[in-house]
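Below is one structure, written out as structure tokens, with a few remarks after it.
None of the figures in this text is laboratory data; all of them are computed from the coordinates on show. In this text the structure is predicted, and so the values were computed from the model without any measurement. A quick note on method: Cβ atoms are made from the backbone with ideal geometry, for glycine too, and the neighbour counts reach across all protein chains shown.
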Amino acid sequence: MVAGNWKMNTTVPEGVDLARAVVALDRPAEVEVAVLPPFTHLWPVCAELRGTGVLLGAQNSFWEDAGAYTGEISPAALAGWCDLVLVGHSERRHIMGETDEQVARKLRRALTHPLRVILAVGETLEQRDAGTTLEVIHRQLDAALIGLDHEALERIVVAYEPVWAIGTGRTATPAQAQEICAAIRTHVAGIVSTEAAAVLLVLYGGSCTPDNAAALFAEPDIDGGLIGGASLKPQAFGAIVAAAVATVNATVDG
Ligand code: PEP
């Protein structure tokens, strides 16, 4: 899977143009391609994507379905026409102060609807330097996933996004990313089941570009990317999708 997180970028007309450009990319069926526009763009972008196979995702959703929560977005309102929702992005954890518990509540509420959920996890530079990366990742996974069954896991995608690599131009090396993505799979095997972990999609995110995508995707436990900055440039996003397709084909051929 290659998913483009547009964050708080583009106007509605620009977003519609960007969606059209993504639809026009060469997208063989082996790789799922998704776009996550701002909320204001979801409906018109949905119209552009209908019947194209490009998945539509929201960047966040709330932990209740309805009520007095001014400015929040209900997963019930997204279900049925959006395919995915992202929860736990580091910008929400670190800028908006979302806790592991809140992320877990959002994930669980979203799963009560026909939605797939991308759960983002990742350590800060301070945590990496302190040697606590795995402890942090395990805590984030435990909060979100303990108690979920195999069936629920089938609708979850985990995105490993080291905070120090997001929007910084500083990518994790393929070896660093592989180490943590493998650890995520192992941990999920312990929390849910080995079978669920084996088929779990684990994405890497953090300054992923056409220059480094192929090397990252070649790692055995990296099943694609959550792409921020580069997803706003159709050519770059297309090249990242092409890198994912080439990896899938090489795996099948090999
Ligand atoms: C992201 O926002 O999820 C992300 C990975 O951003 P960037 O690719 O710009 O680092």
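Summary table
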item: Tail fraction, Cα-Cα pairs, the range 1-137, threshold 20 Å, whole percent; result: 50
item: Per-selection Rg to Rh, the range 101-254 - Cα, Kirkwood hydrodynamic radius; result: 0.96
item: Loop-located chymotrypsin sites (Phe, Trp or Tyr not before Pro) in the range 47-76 whose Cβ has at most 15 other Cβ within 10 Å (DSSP); result: Y69
item: Amide H contacts of V157 (H built 1.01 Å from N, under 5 Å, at least 5 apart or other chain); result: V117, I118, L119
item: Rounded Å value of the spacing that divides the Cα centres of the range 80-103 and the range 140-204; result: 15
item: Near-label residues of the range 159-177 by backbone N, under 19 Å of a point 7 Å along Cα→Cβ of L134; result: 160-163, 173-177
item: For the range 33-40, 3J(HN,Hα) per residue [Karplus equation, 6.51 cos²θ - 1.76 cosθ + 1.60, θ = phi - 60°, Hz, x = Gly/Pro]; result: 10, 10, 10, 10, x, x, 4, 4
item: Two-site label geometry, A21 and D253: point separation in nm, points 7 Å out along Cα→Cβ; result: 2.9
item: Protection proxy ranking of 73-79, 219-225, 200-206 - average other beta-carbon atoms within 10 Å, highest first; result: 200-206, 219-225, 73-79
item: Other-chain or far-sequence residues with amide H under 5 Å of V33's (modelled H); result: V2, L55
item: Of every Cα-Cα pair in the range 189-236, the percent that sits beyond 15 Å; result: 51
